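Novice: Questions regarding the structure given below will be posed in turn.
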Amino acid sequence: MKIPNVRDIIVFSRIVGAALLVCGYLLGGLFIGRCFLARGYPQWTLPLCLIAGLIGALLSGVYELKSILAMIRRDRQNR
């Protein structure tokens with residue numbers, strides 16, 4: 001059995017962290033939208049908050065994946 005390289009573990013943990021961050025943005029948009037609905041805001045507030053959370057999640061996810069890919073490229077060039 002091959003022991004994984006430390007670099008592989010770092011990349012894996014950053015990918016899992018990025019996925020959790022995306023889920024956090026989506027859940028944040030959902031909970032904020034529900035909070036607004038409970039306070040009497042219009043019904044379109046929930047979808048708007050979900051869309052805002054989705055946009056934030058996509059931007060954050062793309063940024064994180066770009067940094068992970070750049071780290072992998074640097075690692076391959078240094079070999």
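Each reported figure results from applying straightforward, stated rules to the coordinates on display, with no laboratory input. No experiment lies behind these values; they were computed from the predicted model shown. As a convention, Cβ positions derive from the backbone with ideal geometry for all residues, glycine included, and neighbour counts pool all protein chains shown.
Novice: Name the pairs: first residue in the range 68-79 and surrounded by fewer than 10 Cβ atoms within 10 Å (Cβ to Cβ), second residue of a type in the set (D, E, K, R), Cβ to Cβ under 9 Å, at least 6 apart or on different chains?
Specialist: none
Novice: Follow-up question, since we're still on this one. Quick one: A18 ticks every box in (1) loosely packed, with under 15 Cβ neighbours inside 10 Å; (2) among the small types (G, A, S); (3) on the phi < 0 side of the Ramachandran plot bar one, so which box is it?
Specialist: Single failed check for A18: (1).
Novice: From the list G29, G24, which one is in contact with a Cys (Cβ under 6 Å, 6 or more places away or on another chain), on the phi < 0 side of the Ramachandran plot and part of a helix (DSSP H, G or I)?
Specialist: G29
Novice: So, of the residues in the range 33-66 that are of a type in the set (G, A, S) and exposed (fewer than 11 other Cβ atoms within 10 Å of the Cβ), which turns out to be nearest to R7 (Cα to Cα)?
Specialist: My answer is A38.
Novice: OK, next. Is at least one residue of the range 37-44 out of contact with any helix residue (DSSP H, G or I) (no Cβ under 6 Å at 6 or more places or on another chain), farther than 19 Å from Y63 by Cβ, without any contact (Cβ under 8 Å) to a residue 12 or more places away in the chain and assigned to a helix (DSSP H, G or I)?
Specialist: yes
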